[in-house]
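Below is one structure, written out as structure tokens; comments come after it.
The values are calculated or read from the model by the stated rules, or taken from the named source; none is laboratory data. From a predicted model like this one, the values you see are computed outputs, not experimental measurements. In this analysis, Cβ positions are derived from the backbone assuming ideal geometry, glycine residues included, and neighbour counts consider all displayed protein chains. Ligands, DNA and RNA are stripped out before the accessible areas are found, and what is left, the full protein with its side chains, is counted by its heavy atoms. Shrake-Rupley method; radii C 1.70, N 1.55, O 1.52, S 1.80 Å.
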Amino acid sequence: MPQSRVMRFVTSGLAVRLEARSWIITALRYCELFSKPEIRANNNSLQEGDLLTITCHTVLNPARANTELQFAFYRNGHNVQGFHSSNHYTIQSARPQDSGSYTCHTAAPSVSVTKGSKELTIYIQGGTVRERSYTIENIIRLVLSVCILISASFLCYFHKNNHVGLINLLMRL
């Protein structure tokens, strides 16, 4: 009696079962639980102080609509937000240190499936908001200093003229 051997292969979404005894190849296409995540940002080039929102987009298989997905975010390979039910990562006031290559991972913990996105580079230009506020503050200081200087000059002038006029008046008496 011939011995039967079964070999299974899974490659790029195609499950193949080979039976050596009957030489039957059965190919079964299986559906993914969710698509590979895609990372997106509200803007890839921001100024310091701007709002940065990064979103992890994926499509869940409609046949598994009740499956809970979780999302994690990474900057330069370091975790910045652990797995969470929200597919958004937000920085209220971005800083140059927040610049880098971001990725997101999507996981279905109930079936131990995790997929990662491609990298998205975010650049946050530093100093401009702070420099603008310093420039405005310095202009205000300069204008106020000039006003004070002009006022002080007028006071000195009129004060000197009043004394001279008072001295002349007293000398005529």
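Can you spot a residue in region 129-143 that is modelled with pLDDT of 90 or more, open to solvent by less than 90 Å² (accessible area, probe 1.4 Å) and closer than 20 Å to Asp50 by Cα?
Initial filter on region 129-143 (modelled with pLDDT of 90 or more): none.
Taking every residue of region 129-143 in turn, none turns out to be modelled with pLDDT of 90 or more, open to solvent by less than 90 Å² (accessible area, probe 1.4 Å) and closer than 20 Å to Asp50 by Cα.
If you scan region 116-127, which residues turn out to be more than 17 Å from Lys36 (Cα to Cα), open to solvent by less than 30 Å² (accessible area, probe 1.4 Å) and not in a loop (DSSP other than H, G, I, E, B)? Lay out the reasoning, then the answer.
Restricting attention to region 116-127, the residues satisfying the condition of being more than 17 Å from Lys36 (Cα to Cα) are 121-127.
From what's left, open to solvent by less than 30 Å² (accessible area, probe 1.4 Å): 122, 124, 127.
Of everything in region 116-127, those that are more than 17 Å from Lys36 (Cα to Cα), open to solvent by less than 30 Å² (accessible area, probe 1.4 Å) and not in a loop (DSSP other than H, G, I, E, B) turn out to be Ile122, Ile124.
What is the residue count in region 61-83 for residues that are open to solvent by 80 Å² or more (accessible area, probe 1.4 Å), touching a residue at least 24 places away in the same chain (Cβ under 8 Å) and farther than 13 Å from Asp98 by Cα?
Total satisfying the criteria: 4.
Only residues that are surrounded by fewer than 13 Cβ atoms within 10 Å (Cβ to Cβ) and touching a residue at least 60 places away in the same chain (Cβ under 8 Å): list them for region 84-115, please.
Val111
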